[in-house]
Amino acid sequence: MCLRLGFSLLGLAGCCAPSDMGGGNGQKSKMARERNLEKQRAAAKGSQLETNKKAMNIQCKVCMQTFMCTTSEVKCKEHAEAKHPKSDLSACFPHLKK
Ligand SMILES: [Zn+2]
């Protein structure tokens, strides 16, 4: 009984076959969604690069080496002392002058 019901349901779906059109549309919107995702990912990547560039906003004025804005004053001092022992810290990193 149950088996026969199942078969007739399958046959019904097979002959009406509205699932083909629906499936096609579903495929299209799925592709569109994936394309959008790709775009979003690319945009996120771009802004990440932009952020990284902006983050490199500490520059040693003596050797023009750039540092992340998160570089601590201690690290800047270390750089100045190691690379430019004859220069003042503020000559390398004017922003550290208080
Ligand atoms: Zn330097």
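Structure values in brief
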| quantity | calculated |
| --- | --- |
| Filtered residues of segment 69-94 (kept if under 24 Å from Leu49 (Cα atoms) and exposed (fewer than 13 other Cβ atoms within 10 Å of the Cβ)) | Cys69, Thr70, Ser72 |
| Residue satisfying condition, being of a type in the set (D, E, K, R), in contact with a helix residue (DSSP H, G or I) (Cβ under 8 Å, 6 or more places away or on another chain) and either surrounded by 10 or more Cβ atoms within 10 Å (Cβ to Cβ) or at pLDDT 75 or above (or both), within set Lys45, Lys30, Lys61, Lys39 | Lys61 |
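The values are calculated or read from the model by the stated rules, or taken from the named source; none is laboratory data. Note that the structure is a prediction, hence the values are computed from the model and not measured. Counting neighbours? That spans all protein chains shown, and the Cβs are built from the backbone with ideal geometry, glycine included.
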